[in-house]
């Protein structure tokens, strides 16, 4: 059974309407903050059948370096092909990751967020957000203060041969 949520902004808004509209002050609730509901430019990679064993060897062989070693059931990917990663893009991706996690009612260990970029970020950006190299060349991770782990893959730093075949 779902908990019933109290929509305080509606209760207070209706009260303010009664008080303020008679004197010419408009009060609105459920105010849209964007012109259209956002559709995120993301890719979701998930197994069709979730099992205790995780990704199969065949599945891991087909996943790219930086993805094939992840154990999460779902991988949320944002591509940065023509623009470099910056603070706004990192924050926006973190919001997408959080919203998808909540709307899908997943536990954190079931979802991993990955940004794939064709342009290597400046070292000071990587240092500022504590991105550390992990595993194969071109793969970095950080643990934002707001939770979770963000993986960053720089396409131009990956090796020509896949590390997935080395397992």
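FYI, it's all coordinate maths here, none of it is from the lab. These numbers were taken from a predicted model, which means no experiment stands behind them. Because the Cβ atoms are built from the backbone with ideal geometry, glycine has one as well, and the counts that use them run over all protein chains shown.
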Inset, instruction - Please give the contour-minus-distance gain from residue 46 to residue 161: 0.36 nm per residue of separation, less the Cα-Cα distance, rounded to one decimal in nm. - result: 39.0 nm
Legend entry - Segment residue 63-residue 7, length gained on full extension (0.36 nm per residue, minus Cα span): 15.8 nm
Inset, instruction - May I ask for the equivalent-ellipsoid semi-axes of the chain, computed as the square root of five times each C-alpha gyration tensor eigenvalue and listed largest first in whole Å? - result: 40, 21, 13
Legend entry - Residues residue 79 and residue 35, FRET efficiency given R0 of 22 Å [Cβ-Cβ distance, rounded to 0.05]: 0.40
Inset, instruction - For the stretch 42-166, calculate the relative contact order in percent as a whole number, restricting contacts to Cα pairs under 8 Å that are 6 or more residues apart. - result: 26
Inset, instruction - Label the stretch 88-167 by shape, choosing from rounded, prolate and oblate, from the square roots a ≥ b ≥ c of the eigenvalues of the Cα gyration tensor; if a/c is under 1.5 it is rounded, and otherwise prolate applies when a/b is larger than b/c, oblate when it is not. - result: oblate
Legend entry - Antiparallel content of DSSP bridges confined to the chain, in %, to 5: 50
Legend entry - Residue-averaged 222 nm ellipticity for the chain, from DSSP H runs of 4+ at -39500 (n - 2.57), nearest 500: -7500 deg cm²/dmol
Legend entry - the stretch 40-107: relative contact order in percent, alpha carbon pairs under 8 Å with at least 6 residues between: 37
Inset, instruction - Would you work out if the stretch 1-84 is rounded, prolate or oblate? Take a ≥ b ≥ c from the square roots of the eigenvalues of the alpha-carbon gyration tensor; rounded if a/c is under 1.5, else prolate when a/b is larger than b/c, oblate otherwise. - result: oblate
